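The values are calculated or read from the model by the stated rules, or taken from the named source; none is laboratory data. A quick note: this is a predicted structure, and the numbers were derived from the prediction, not measured. Backbone-built Cβ (ideal geometry, glycine too); neighbour counts: all protein chains shown.
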Amino acid sequence: MAYTYWAYGLKVVSQIPFPELLPLENDDPCDLAIELGSMPVIKKTINGFHSQSHDITPDEYRITIEDVASYCVTKGNLIIIEADQNADQDSIRLFCLSNAFTAVLHQRKTIPLHCAALINKGELVLILGDSGAGKSTAMASLIQHGLKPFSDDVCVPFQDPETGQISFFSSYPMMKFWKDTLGLVGLNKKADRKIRPDIEKYGIYFHQSFLTTALKPKFIILLEKSDQVSSPVINPMSGIELFTRIESNAYRGEYLGFSDLRKEHFLLFTQLANQSACYVLKRPSTGNFVQEVAGEIIKLLY
């Protein structure tokens, strides 16, 4: 049986079900196939990256997640999954949706951005930051303030060939929050399931309100922890600092050099820095400032 979905701006046909994705019912050609099978041999190249767990070249990609599965991606249109016989289905899908789909996009010369995204007046508010900076917590709090979710932690850029303007597609209609975050913002009862059996992180679906159209970014907000502030402070950001901060948030950016995407990387983030209003929001390194962070962002919007 084949399942057809929309994900990351692509129409996908899969041999396994993905409840995280938006089902599709149309006869349009598919962009990507997901199949179960054995790992093909990837030819080692001088400029690629090769290790026991990875093979990365511009046209081929392989990653092995111990006790879960190996994933092979070829030419941006095929994912092959060789699953461990004892692996749970949630874990198999999770690594496919993150690592394998990123390789698909890279092979299609597209660089996804690692960010949370919400909708405000038909445009996007992108929230960037290092792991632990508070992207998910800020997103959950802003949803409580009435903003609509667009994408959990990955957005896929689309550049208009005539205007050069960047818009973004979402990844798929599921948000992922740690248990503590759900408690902080009162979303406990809305959690649909654990994303993996052995970790306290939960998925919340939003299939009914999910958008498959690309939207333009209005604001880009970089979250940052700091020992130099006693309460959240937000300031505009521009110039080379802005470019450096944004481009460091390419999703799986460590793959780019081996995927021959240096030119696309520079052009994308230069355009993005030029067309959006960008801010850095610093919050204290310790303490609960969820509502204060959300309040600073709300001030920008209204």
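Here are a few things to note about the model shown:
- Check on ILE221, free of Cβ contacts under 8 Å to residues at least 40 places away in the same chain and in the same structural domain as GLU123 (by TED's automatic domain parsing): no
- The range 72-96 - residue that is modelled with pLDDT of 95 or more and touching a helix residue (DSSP H, G or I) at 6+ places or on another chain (Cβ under 7 Å) and, of those, surrounded by the most Cβ atoms within 10 Å (Cβ to Cβ): VAL73
- Residue pairs meeting the criteria (Cβ under 8 Å; at least 6 apart or on separate chains; first over 15 Å from LEU126 (Cα atoms), in the range 229-250; second acidic (Asp, Glu)): SER231/GLU292; PRO232/GLU292; PRO232/GLU296; VAL233/GLU296
- Residue ID - surrounded by the fewest Cβ atoms within 10 Å (Cβ to Cβ), chosen from residues in the range 231-260 that are of a type in the set (A, V, I, L, M) and in contact with a strand residue (DSSP E or B) (Cβ under 9 Å, 6 or more places away or on another chain): VAL233
- Where SER98 falls short, out of the listed (1) in a helix (DSSP H, G or I); (2) over 30 Å from ARG283 (Cα atoms); (3) of a type in the set (S, T, N, Q): (2)
- Residues in the range 246-285 that are on the phi > 0 side of the Ramachandran plot and of a type in the set (Lys, Arg): ARG252 only.
- Where strands (runs of 3 or more DSSP E) fall entirely within the range 29-69, those with at least 1 residues that are small (Gly, Ala, Ser) are at 32-36.
- Test set (1) among the aromatic types (Phe, Trp, Tyr); (2) in a helix (DSSP H, G or I); (3) farther than 30 Å from PHE95 by Cβ - PHE258 fails condition number: (3)
- The listed residue being at pLDDT 85 or above, in a loop (DSSP other than H, G, I, E, B) and not assigned by TED's automatic domain parsing to the domain that holds LYS44, out of VAL229, VAL293: VAL229
- Test set (1) in contact with a Gly (Cβ under 8 Å, 6 or more places away or on another chain); (2) in the same structural domain as ALA7 (by TED's automatic domain parsing) - SER91 fails condition number: (1)
- Taking the range 6-28 as the range and being assigned to a strand (DSSP E or B) and free of Cβ contacts under 8 Å to residues at least 24 places away in the same chain as the test, the residues that pass are LYS11, VAL12, VAL13, SER14, PRO23.
- Any strands (runs of 3 or more DSSP E) falling wholly within the range 109-217 and containing at least 2 residues that are of a type outside the set (Ser, Thr, Tyr), over 12 Å from the mean Cα position of the chain (by Cα) and in the same structural domain as SER259 (by TED's automatic domain parsing): 116-120, 123-128, 148-151, 154-159, 174-178, 201-205
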